[in-house]
Amino acid sequence: VIKYFKHINFCGQVSDPVHHPKFITFLEMAYENNNKVSIHHASAGKPERWYKKAFEANTRARWTFGIDGLPEESNIYRINQDGKKLFRMMQVARSILKQKPVWQYIVFSYNENNIDQAVKMAKEIDVTFMLLYSSRWRGANDPLKPKNEKLSLNLYPGAN
């Protein structure tokens, strides 16, 4: 893979890519081969020392942290996620990586009123803030669907 592709995207749909036992080795190999690397991450299941080692293994990698809402509320959608820990690891990433990490924030009913606060938090720690809007609602009464119609239509001003 490293020899044939210039950009490698680590993104899990059922699990988080960081849980592969050779993940840090993959990051090192990609760094040595000058591959572009993107990591989409949301699990918070690794200790802080592991994160530091992963960030240092490939300082050019682009890390996207899926924290949907303020750190203390992100576990409402991402069950068992430790959003506070992931937020701290995003700060650690910012201090090590050559490019800004990304805070990916999917808009839901429980977090739609906290976007301004999250944007401010992202600016304070100097990370990129990215809003994502879903259209995968289970009907008009889906409890996670944002109440604000503008958010459902991707019309939020001031984001990104």
Separation in nanometres of the label points that stand 7 Å from Cα toward Cβ, at residue 147 and residue 120:
2.1
Springs between alpha-carbon pairs under 10 angstrom, Gaussian network model over the chain: which of 135, 109, 95 fluctuates most?
135
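Can you pull the percent of the chain's accessible area that's carbon plus sulfur, 1.4 Å probe, other chains left in place?
Details: 4610 of 9310 Å².
After summing per-atom areas, the C and S share lands at 49 percent.
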Among the lysines, which have Cα under 20 Å from the Cα of residue 52 when same-chain residues fewer than 8 positions away are ignored?
22, 36, 84, 85, 98, 100
Hey, if you put +1 on the Cβ of every Lys and Arg and -1 on every Asp and Glu Cβ in the range 2-160, which of 81, 7, 101 ends up farthest toward the positive end of that dipole?
7
Quick one: Cα centre-to-centre distance for the range 62-92 and the range 1-45, in angstrom?
19
Please list, in order, the residues from the range 1-32 whose amide nitrogen is less than 15 Å from a point placed 7 Å along the Cα→Cβ vector of residue 53.
18-29
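Tell me the per residue accessible area of the chain using a 1.4 Å probe; a whole number in Å² is fine.
Numbers: 9310 Å² over 160 residues.
It amounts to 58 Å² per residue over the chain.
The values are calculated or read from the model by the stated rules, or taken from the named source; none is laboratory data. Since the model is a prediction, treat every value here as computed from it, not as a measurement. Using ideal geometry, Cβ is built from the backbone for each residue, glycine included, and neighbour counts are taken over all protein chains shown. Heads up: the accessible areas ignore ligands, DNA and RNA and are worked out on the full protein's heavy atoms, side chains in. Shrake-Rupley method; radii C 1.70, N 1.55, O 1.52, S 1.80 Å.
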